[in-house]
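Novice: Sending over a structure as structure tokens; questions will come in a sec.
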Amino acid sequence: MAELRRSLGYFAIISLAVASIMGTGLFYGAGIAPQYAGNASILSWVVLSLFGLYIAACFGELTSMFPEAGGVYEFCKRAYGRFFSFIIGWVAWLVGNITTSLIVVAAVNLIMPSHPGTIIWKFFIAVGIIILLNYIAFLGSEASAATLVMLATVSFVVILAFLIPGFGHIDPANFQPFFEFGTGAIFVAVFFIAESFFGWESATFLSEETNNPEKVIPKSLIIGTLITAVAVILVNIVSLGAVPWRELAGADVPFLYVAGQIFNPLTAKLLAIGVFVTMINSAFGGAVTMPRLILALARDRLFLSQFSKIHKTRATPYKAIIFQTIVSLLILYMGFGSYFLLLSLLLPLGFIMYAFVLLAVPILRKKMPGMKRPFNAPFPIIGPIISVMFILYLVVKWIAYEPNAWSVLSLGVSLVFFGFPLYFLISLYYDPEMITEANDIVAYFTLFTERISLPGKVKKEILAILGSLKGKTVLEYGCSVGTLTLDLARAVGPDGRLYAVDLSRNDLKITQKRIEKLVWSSKERIHGRVTIIHDDQQVYRLHSGVSYSDVIVSVGMLGYIQDIEKMLREFYSILPPDGKICFVEYGDFFKLIPNVEWLSKNEVVSEVFRRAGFSVQVERKKGLFWNYIYVYGIKSHEAITLV
């Protein structure tokens, strides 16, 4: 099976860290922060830089402990457990997608003037950029690393080209008055420029593709944050020194507005192209890293397992990249032309994610005190707590200053809570315990809708495949509410026997009542002896109460079996030579959600059964809300072609 390939070193990870952390704040922040703090916004950048360095250190410690592709999801899984780690992973995914859209929107607005006739062209250019970036990410970590290093080099050249001549244009008078809005405004400005330092998580997602990640990634995060901090502070000193802050606050792109005051028109245009490349570099960081988060979730069965596949030659999670491309395009479509809305939505979501990651440091210090930490964050207990309190303070300040803060915060929180039903839906898809609990809760609903889930036509086809069952012993693996059980009981006749096994007690109670009703309604015995067995471990192994069966039949259970080859061997052990099997599975739920991966191709299904000693025929038939996968055949030592 293909795996991720370790090929990344310091230069690639530092380039990624700088690209991901720098964001759009370097070029837009000089206009946003002064709106709230005036010239004192320079101190906002200093405060944010110090805070960012500490967060980078916390990420460094966690990455050194768990250098895996899941990054923040992996940290939170160890600290908080399965549910909260999924929610944090969900938030990280939202933050990553919104950030990518935010940067692409800003980059396209940078190179094209805002006129009604250009909107459609700007949108299609943005679409093309996202597709191109994701295609490069698909090509492999080496191609991605080369692109990141190349684009990062352009970024450094652009910043130096701005700063070196820019210092000569600073007018000290432009810094007066300095504390025009008071010291409290400094922290309000910090909230709105915080996006400039979002992105520490990106490098952690590449842990499994980095050489010596326990050392390389923590150091790269610190170096990348330090480079970003120096760059943004110096750029803002030059910007506010060269141009009065009120002019910057009204500029579309403050960085280029200042460049226009310093350079001749041709140089300013070249610098604009360089800024565009730098912003695309930031967006590329998300294209490279976010599919690794999907990969980690899929591995842990918190996302569709198909997205955990690695390309054989490119060694990239190609299905996750395709999915990520589609989602990025959808978010781009929904948020195109709404830079400030995207920014306002991104900030509370980012703070929620970082708060949980920061608190994971002291929690894991307590839960895993003896675990090796190649990199140690300073003040590991009190530091993260103070940092989270600072985040809460920033949010409170934002709410107090910004009239629409509550509506934006509510929208952000609603996106977080949308992850709750998503978690339960995915758990119903994979988690046996959740499946059992859900089946118990909805047992009577299942009874009410049984003609939809198992139509009469499908039942007739199953019985036709099995042929005559008179006098035989039949195992119904997963009898649910007895939809097929009654037909099987009649089919085996008075001399036959039926084992009806299920993991839901409430489903079995309904089945028991239906069997009893069948007994009392019959003037003479026309059905077999029915043994109902509750087995809460049904998806792991065959119940010991079933030692022999001529026929095994099951509906809707194959996808839940945790180890299919082990279970098939156990089925094989209780069947006689030429014993029959018939499994019917649901596929492509609502024509959108696929089944588990091994059921996606007929050849794979046939091979799985063949290895267990069965010769089977696999057929797929269309249904109203889902498709049906029929797997039927016999126990045989040699492969037999069934007709």
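Novice: Mind ranking 529-535, 298-304, 37-43, 202-208 by how tightly packed they are, going by the mean number of other C-beta atoms within 10 angstrom, highest first?
Specialist: Result, highest mean first: 202-208, 37-43, 298-304, 529-535.
Novice: Starting from the amide H of ILE533, placed 1.01 Å from N in the peptide plane, find each other amide H under 5 Å away whose residue is 5 or more places distant or on another chain.
Specialist: ALA500, VAL501, ASP502
Novice: Taking only the alpha-carbon positions of the range 440-635 and ignoring solvent, what does the Debye formula give for the base-10 log of I(q)/I(0) at q = 0.15 Å⁻¹?
Specialist: -0.90
Novice: Another question, then. Order these by the 10 Å Cβ neighbour count, fewest first: THR147, THR210.
Specialist: Ascending Cβ contact count within 10 Å gives the list THR147, THR210.
Novice: Take ILE21, ILE426, ILE14 and order them by how many other Cβ atoms sit within 10 Å, fewest up front.
Specialist: Starting with the residue having the fewest Cβ neighbours, the order is ILE426, ILE14, ILE21.
Novice: Could you sort 476-489, 259-272 so that the peptide with the highest average Cβ count within 10 Å comes first and the rest follow in order?
Specialist: My ranking of the peptides, most packed first, is 476-489, 259-272.
Novice: Next question, about the same structure. Arrange the following residues from fewest to most other Cβ atoms within 10 Å of their Cβ: SER20, SER468. Mind dumping the intermediate values first?
Specialist: Values: SER20 30, SER468 10.
Lowest count first: SER468, SER20.
Novice: May I pose another question? Taking the Cα atoms only, what angle lies between the long axis of helix 184-193 and the longest principal axis of the chain, rounded to 10 degrees?
Specialist: 60 degrees
Novice: Next question, about the same structure. Restricting to Cα pairs below 8 Å that are 6+ residues apart, what does the relative contact order work out to for the chain? Please round to a whole percent.
Specialist: With pairs under 8 Å counted, the relative contact order is 17 percent.
Novice: Could you give the angle, 0 to 90 degrees to the nearest 10, between helix 213-242's Cα long axis and the longest principal axis of the Cα atoms of the chain?
Specialist: Helix 213-242 sits roughly 40 degrees off the main axis of the chain.
Novice: Trypsin sites (Lys or Arg not before Pro), restricted to the range 441-519: which are DSSP loop and have at most 13 other Cβ atoms within 10 Å? Each step should come with its number before you reach the end.
Specialist: Working: sites: ARG451, LYS457, LYS459, LYS460, LYS470, LYS472, ARG490, ARG497, ARG505, LYS509, LYS513, ARG514, LYS517; in loops: LYS470, LYS472.
Sites meeting the loop and neighbour criteria: LYS470.
Novice: Could you tell me what % of all Cα pairs in the chain have separations over 42 Å?
Specialist: Numbers: 78441 of 206403 pairs.
Within the chain, distances greater than 42 Å cover 38 percent of Cα pairs.
Novice: How do the peptides 182-189, 410-417 rank, highest first, by the average count of neighbouring beta carbon atoms within 10 Å per residue?
Specialist: 182-189, 410-417
Just so you know, all these numbers are worked out from the coordinates, no wet-lab data involved. If you're wondering where the values come from, they're calculated on a predicted model, not measured in any experiment. As a convention, Cβ positions derive from the backbone with ideal geometry for all residues, glycine included, and neighbour counts pool all protein chains shown.
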